Each structure stands twice: as C-alpha cells, then as structure tokens.
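Read the figures in this text as sums done on the coordinates, not as results from a lab. The shown structure was predicted, so the numbers you read here are calculated from the model rather than taken from an experiment. Here the Cβ positions follow ideal geometry from the backbone for every residue, glycine too, while neighbour counts run over all protein chains shown.
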Amino acid sequence: MVEQKSETVRAGSKTYFIDLKETKDGKSFLVITESRFKGEGDERERISIAVFPEYAEAFLNALQEMVPELEK
C-alpha cells in the first residue's frame, strides 16, 4: 500500500488524518483515521475507515447534507 497524499485536521484532543492511498494493483482509496487519547494516560487510540472510489461520491454527498445540520 502506497500513501499518495495526506491531510491532517486537529480538533481539540482528537486528530483526524485523511489519507489517499493506493493498493499494490494501483487502485486508489481514502483512509480516514481518528486518533485520540485513551483514558487519562498518554496512550492513543486509532480508529480507521476506508472509502473506496465506487462509494466516494455517496460518502461526500452524505457529508455535504449533514454538515449544514451541525450549524443549526
């Protein structure tokens, strides 16, 4: 797996990584990872989801519909 591009979003105690990656056979996909402190210590917990090209537009459309609702 090859990383092509990465963006970082800092949100308080959490950090989000949005990575564009490529499989060995050349198929691109997104990986969205949330990294946050686990409990009271310095240990971090990471949770990731993968978004493949065939679902990227639907994923984006859902976000575009939901984000304005956050502002209400």
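Based on alpha carbons, the Rg and Dmax found for the stretch 31-72 are 14.5, 39 Å.
Using the Kirkwood formula over every pair of different C-alpha atoms, what hydrodynamic radius in Å results for the chain?
On the way: mean 1/r = 0.0720 Å⁻¹.
It is 13.9 Å.
Neighbour counts of C-beta atoms inside 10 Å place D25, D19 in the sequence D25, D19, starting with the fewest.
The chain: longest stretch without exposed GluC sites (Glu not before Pro) (DSSP loop, at most 14 other Cβ within 10 Å), sites themselves excluded? Maximal segment without exposed cleavage sites: 1-39.
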